[in-house]
Amino acid sequence: MKSLFSLLLMYLVALPLSLRASDQDSIYKAYVSGDMGLWRRIIDKMHDTKDKTSTQELDLLNFEYGYIGWCLGAGKNALAKAYMKRMEERMNRLAQQQIEPALLYAYMSAHWGFQVGLNKLKAPFLGQKSIAAARKSVELDPDNPLGHIQLGNIDFFRPPLFGGSKQEALRHYLAAERLLLSTLKAEGRAKDWNLLSLQIQIATTFESIDDIKRADEYYKKILTSAPDFKWVRDELYPKFKQKHNLK
């Protein structure tokens, strides 16, 4: 009976971990294949799951963050607004429980940025909120990759006249990459959509400062780790090579 109880306990502990790995793998596959319909189905299913652990809520928050970014980039603003509302509610619940404050500040920063993306007229007010939240995130946890990503995004997209700097953005992105790789290694994972997305932004930033060699190296690095990454393989990298006359 004691042995049976031990086996049952091990199963109950392992089940959430296996489900988490399955969700992460599925999101990664959706990102690499460009199947955002699959991404949406995954996050909707996770959202409908009852009694989620705080880890599952944080994973879902990350996946919603990625999906909203895609919606805005694809011009699907109405869809973005619906998921932004859900993301905000999730952040508020986790904040009330004081779950991972540094990480939540990073997501809050991104959420303010999403709102600016929907309405540029709000940039002077919401932009400052986004900056403050990103700085707070890194202040609370300097080893927090997402906080550095948000600071990088702010420096990249903000005009130089208002304090933006591609060089500073690159510094934050490279710090985030180092920290994220360390985190993934500690978790025993090699594939993560956040890492691929960050490396695309690093390549874009190198290109923006005319360091074409380093940008090319990053595109090659991405395709070495994810050779079937449709967006980079079929669109971003071919356009980059054509633009800069690379073979």
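Laboratory data are not the source of any read-out in this text; all were calculated from the coordinates shown. Given the structure is predicted, the values throughout are model-derived calculations rather than measurements. Here the Cβ is made from the backbone with ideal geometry for all residues, glycine too, and neighbour counts use every protein chain on show.
Below are the figures for this structure:
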quantity: Qualifying residues in segment 178-195 (those that are over 20 Å from residue 168 (Cβ atoms) and crowded, with 19+ Cβ neighbours inside 10 Å) - the one farthest from the chain's Cα centre (by Cα); calculated: 192
quantity: Filter result (within 14 Å of the chain's Cα centre (by Cα) and closer than 12 Å to residue 40 by Cα) within segment 66-89; calculated: 66, 67, 68, 70, 71
quantity: Test: residue in segment 219-227 that is without any contact (Cβ under 8 Å) to a residue 24 or more places away in the chain, within 20 Å of the chain's Cα centre (by Cα) and under 25 Å from residue 138 (Cα atoms); calculated: no
